[in-house]
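Colleague: If you scroll down you'll find the structure; I have some questions about it.
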Amino acid sequence: MLCGEILRRSRPKGPPPALPPPPPPRVAAVSPLAHHPPPPPPPPPKPKLKSNHETHTGPAPSEAVATLARLRLFPAVFAPPPDVAARLPEAEYAAAAARCCAVAEALERADAAARPAAAAAPAAGDGGGGDGGGDRSGAGAAAPGALSREERRLLLLAATLLPLRGAETTAGDGGGAGGGGKGGGRASAARPQPAAAAVVRGALKWRAKDAGGVAMLHEAAPELAAIHARLVRGGGSFLGAAGATTGADEGGGRPGGDGALSAAAAAAAAGAGGGGGSAAQVEGAEEDVKVALGRVIRRLKEQWRLAALLAPLLSLPEAQPLAVEASAGGSQPASDGPPPRSASASARADPSDAPSAEVAAAAQLSMSRDIEAAARAWSLADCWQWRPLLDGKAAMAAVGMARQGPALGRLLNAALEWQYARGPSGTAAECAAWLARAYDAEGNAKKGEE
């Protein structure tokens, strides 16, 4: 207690003394402008790289493809799937693709030059519109103009990949494989896909729409070539009639405005004895060709003109399919050309012996013109826009069908083919009467009826 009392009495009275303030912070002596530096300059823009999507849009795509082939870079840029590339001769693949692209480019230029300048002008100035310029209605309308930039790009790409036509791949990735002729989609490991579509999606990284378009053109070109062969065999019967109909329409169907079918086709038909047979046989053959042509045009829509330009290329030796035997499940489309070449085929002849691309294109242009003339003379050029004359209820009522089923699809397809054969002048009543004569209530064709 004594110590506590001593400490209490020794404590000073009043508030404790205040502590001295802390010293101010030391600031470095710098210029006032250093606190507001100018903003850094913006980074320079990155150069725009040219994508593979632009490989066929330049002024001379065939020269670019030929350069890739000469530098042995074509198989790397247009690389097929591994299961197809394993048996694909790279040098032959590159040389054949370059040749097909060169002839297709020359053919497109010749076709555009033969068309009326008034029709070609809108397509040349739109810088890549989708309709290709001009009216595409049936006979009597102005001939369509030159191809648009997008159409030309797709045509040259399909021509470049013609050596892969018919080859299929089962690669799991396949770059999407383009969905073949069914509108695109990603490849399936179990379902074979066109090798050409796999190149478009996997190697070039283009759109699925482009891959599907290439596959559809490859599928339709042999069909149009076969249709042209039937047109030639028909000769003076219905092929000549189509030319006469077209010629009456102020330079209608033929791009050159002459309205006549090619002299080569007429000569070939005369040599083959075309025009023979009874009137009923000739009429039936003409209707069959109309239906076949209408099916192709309806499936391709406005791109049927591209297939008409691609079909003549199938007669080139370089356009015959490569590595079809090596593809898994690949099958060769039916065509009138030479048989496909396999990877084990002997080397091709010296390319210097082949005619120039312009000469080859001039020899092939008549087929494209004949196909377009027939389509326009028969008013099938825009048949994909036609509305069906009969719906499901009307078709069922025409044959007395009680309930819907798979047979209804056959009836509607038959009615649509009747429209192709009859043309836009057919009526719903005439179509229903024909269905009643040709099909029973079960949707089966009656024997002895067309």
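Colleague: Please list, in order along region 416-431, the HN-Hα scalar couplings obtained from phi with the Karplus expression 6.51 cos²θ - 1.76 cosθ + 1.60 (θ = phi - 60°), rounded to whole Hz, x for Gly and Pro.
Modeller: Listing the rounded values in order: 5, 5, 4, 4, 4, 6, 8, x, x, 7, x, 10, 5, 5, 5, 5 Hz.
Colleague: Pairs to check: 393/447; 290/446; 301/446. Give those whose C-alpha atoms are more than 26 Å from each other in this structure.
Modeller: Too far apart for the 26 Å limit: 301/446.
Colleague: Using a Förster distance of 56 Å, how high is the FRET efficiency between residue 402 and residue 150, based on the Cβ-Cβ distance and rounded to 0.05?
Modeller: 0.70
Colleague: A further question on this structure: Give the long-range amide H neighbours of residue 169: residues separated by 5 or more places, or on another chain, with amide H under 5 Å away, using H modelled in the peptide plane at 1.01 Å from N.
Modeller: Those qualifying (amide H under 5 Å, at least 5 residues apart or on another chain) are 193, 195.
Colleague: Between residue 437 and residue 285, what's the calculated FRET efficiency when r is the beta-carbon distance and R0 is 22 Å? Round to 0.05.
Modeller: Step by step, r from the Cβ atoms, then E = 0.60.
Colleague: Starting from the Cα of residue 358, step 7 Å toward the Cβ, then list every residue of region 289-310 with an amide N under 19 Å from that point.
Modeller: Under cut-off, by backbone N: nothing.
Colleague: Give the carbon-plus-sulfur fraction of the accessible surface of region 365-409 in %, rounded to a whole number; probe 1.4 Å, heavy atoms of protein chains only.
Modeller: Ligands and nucleic acids excluded, carbon and sulfur give 50 percent.
Colleague: Compute the length gained on full extension between residue 18 and residue 425: take 0.36 nm times their separation in residues and subtract their Cα-Cα distance, giving the result in nm to one decimal.
Modeller: Gain in length upon complete extension: 135.3 nm.
Colleague: How far apart, in nm, are two points set 7 Å out from the Cα along the Cα-to-Cβ line at residue 301 and at residue 393?
Modeller: 2.9
Colleague: Around residue 439, which amide H atoms from residues at least 5 apart in sequence, or from another chain, sit under 5 Å from its own amide H, with H modelled in the peptide plane?
Modeller: When sequence neighbours closer than 5 places are left aside, the close amide H contacts are 446.
Colleague: What FRET efficiency comes out for residue 444 versus residue 207 if R0 is 45 angstrom and r is the Cβ-Cβ distance? Round to the nearest 0.05.
Modeller: Computed FRET efficiency for residue 444 and residue 207: 0.60.
Colleague: What is the extension gain from residue 112 to residue 87, computed as 0.36 nm multiplied by their sequence separation minus the C-alpha to C-alpha distance, in nm to one decimal?
Modeller: So the chain would gain 5.2 nm between residue 112 and residue 87.
Colleague: Right, here's the next one. Got a sec to turn the phi values of region 385-394 into Karplus ³J(HN,Hα) couplings, 6.51 cos²θ - 1.76 cosθ + 1.60 with θ = phi - 60°, whole Hz, x for Gly and Pro?
Modeller: Going residue by residue, I get 8, 5, 8, x, 5, 10, 8, x, 5, 5 Hz, with x marking Gly and Pro.
The values are calculated or read from the model by the stated rules, or taken from the named source; none is laboratory data. In this text the structure is predicted, and so the values were computed from the model without any measurement. Cβ coordinates were reconstructed from backbone atoms using ideal geometry, including for glycine residues, and neighbour counts include every protein chain displayed. To get the accessible areas, we keep the full protein, side chains included, count just its heavy atoms, and leave off ligands, DNA and RNA. Shrake-Rupley method; radii C 1.70, N 1.55, O 1.52, S 1.80 Å.
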